[in-house]
Amino acid sequence: MDKKAFLADMAEILEVTNAELSDALELNNDNWHSFAVVATIAAINEHFGITVPADTLIKCSNIGELINLIEANIK
Amino acid sequence: MERIYSRIKAIRTFLPEKKLTNSELTEQFPDADINKIVNKTGISLRSISSDVECSSDLGVKAAEKLLTENICSPTDIDFLLFCTQSPDYFLPTTACLIQERLQLPTSCGALDFNLGCSGFIYGLSLAKGLIEINAASNVLLITAETYSKYIHPQDKSVKTIFSDGAAATLITSINDDSITDPIGDFIFGTDGKGAKNLIVPAGGMRLPKSKETKSESTDSSGNIRSKENLYMDGGEIFNFTLNTIPSAVNQLLTRSNLDINDIDYFIFHQANKFMLEALRKNLKIPTEKFCINMEGYGNTVSSSIPMAMEIALNQGTIFEGSRVMLVGFGVGYSWAATIVTI
């Protein structure tokens with residue numbers, strides 16, 4: 001599980017710096033649009049080799065929830 | 001007895017004259033970051049059929065190039081396969097109209113089949129079947145779509161991607177036991193669970209057009225559409241593709257007794273750059289062996305593979321003897337793949 005590389009991709013997708021990306025970083029209407037969700041699906045597939053349903057992904061309200069969702073799907 | 005083989009003899013394509021540019025999209029959607037979208041999709045120009053241009057018109061124009069360039073004559077064609085999801089009429093069969101327009105013989109078989117982005121591969125399999133049971137010698141496979149007629153003018157989720165267009169592919173029989181089968185094994189797949197994720201809900205018999213189906217709504221991204229318009233859940237389509245296509249590619253390689261390194265070039269349905277890049281990375285295919293070429297064309301649905309093939313042939317990327325994997329996937333869900341030797 002290449003979490004570091006995944007988080008670097010997430011920073012790029014959400015247009016924040018690596019330092020700004022924390023578990024508390026909010027996913028909202030401004031940054032969590034359809035392209036960001038699709039790009040996240042691609043990043044999850046690339047780094048963890050799994051796919052996560054788009055409708056579940058879109059419900060994540062912060063990065064911590066997103067990480068938990070990925071970890072639950074890996075198990 | 002010599003075995004009959006089938007091969008792709010020629011491909012010609014046609015795009016409507018009217019274009020939709022990125023600057024027009026920027027004007028229409030001032031609040032959206034069109035450049036960002038374009039950067040992801042890799043599409044900068046789309047072709048749009050005029051009000052009087054139907055899929056048969058686009059298909060006929062592509063097929064006429066095969067005739068005027070003397071690649072074949074109308075009398076050579078003994079079967080016409082027409083793939084569309086935007087037919088001229090509910091009935092009659094659009095292929096029957098095209099038979100008359102191209103002056104194909106009345107002894108020619110003709111049928112329509114309704115598939116989207118997997119349609120070209122299914123068409124090749126049908127043509128190969130017809131030829132190899134000796135029911136036809138020259139099959140004209142026409143793929144043509146006018147999806148723009150389904151798209152709401154204010155729905156950027158599909159307007160930025162899809163393009164109208166047509167391809168005419170001539171598949172002929174050859175009797176030569178010394179060759180590798182020019183159209184090899186196929187794998188197919190279907191999962192109707194995905195039907196709702198790429199759909200025009202109204203206008204058929206299940207939900208006829210009515211005042212209610214014309215009612216428009218706005219989604220969370222600000223796109224407007226009614227039930228009579230094309231709807232695509234991009235995220236779900238993307239997930240389906242990532243879940244299905246890499247294993248389909250591996251299944252085909254196993255069935256063909258080939259390794260991924262034995263394939264000279266990969267032409268997948270040219271959906272958009274972003275999706276193709278994700279698939280390429282997943283399958284670890286080198287960039288130089290993987291076709292991404294829809295910038296000036298957009299996603300032409302069932303014609304995207306033959307269009308990319310025609311360009312690759314003209315540019316010399318693929319040539320006689322090249323082993324090319326073709327993979328189609330999308331609406332249905334439906335998918336199919338094959339390996340052709342040029």
Next on the checklist: If I filter region B:304-325 for residues that are away from chain A (no Cβ under 14 Å), in contact with a helix residue (DSSP H, G or I) (Cβ under 6 Å, 6 or more places away or on another chain) and either among the hydroxyl-bearing types (Ser, Thr, Tyr) or closer than 28 Å to A:Ala36 by Cβ (or both), do I get at least one hit?
Outcome noted: no
Next on the checklist: Just to verify a result, which residue in region B:244-261, among those that are within 14 Å of chain A (Cβ to nearest Cβ) and either aliphatic (A, V, I, L, M) or surrounded by 14 or more Cβ atoms within 10 Å (Cβ to Cβ) (or both), is farthest from B:Asp155 (Cα to Cα)?
Outcome noted: B:Pro246
Item to check | Residue selected from region B:173-198 under the condition more than 19 Å from the chain's Cα centre (by Cα) and in a loop (DSSP other than H, G, I, E, B), by the criterion surrounded by the fewest Cβ atoms within 10 Å (Cβ to Cβ) | outcome: B:Ser178
Checklist outcome for this item: Of the listed residues (B:Ala312, B:Ala278, B:Ala271), the one being among the small types (Gly, Ala, Ser) and within 15 Å of the chain's Cα centre (by Cα) is B:Ala271
Item to check | Selected residue (criterion: surrounded by the fewest Cβ atoms within 10 Å (Cβ to Cβ)) from residues of region B:114-150 that are of a type in the set (Phe, Trp, Tyr) and more than 16 Å from B:Leu80 (Cα to Cα) | outcome: B:Tyr150
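For region B:306-337, give me each residue that is among the aliphatic types (A, V, I, L, M) and closer than 21 Å to B:Asp191 by Cα.
Listed by number, the residues that qualify are B:Leu326, B:Val327, B:Val331, B:Ala336, B:Ala337.
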Next on the checklist: Kindly evaluate B:Lys209 against the criterion of being touching a Gly at 6+ places or on another chain (Cβ under 7 Å) and of a type outside the set (S, T, N, Q).
Outcome noted: yes
Checklist entry - Quick one: what pairs do we get from region B:243-263, first residue small (Gly, Ala, Ser), second in a helix (DSSP H, G or I), C-beta under 9 Å, 6+ apart or different chains? => result B:Ser256/B:Asp262
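Values in this text are rule-based calculations from the coordinates and carry no lab data. Bear in mind the structure is a predicted one, so any value in this text is a computation, not a measurement. Cβ atoms come from the backbone with ideal geometry, glycine included; neighbour counts cover every protein chain shown.
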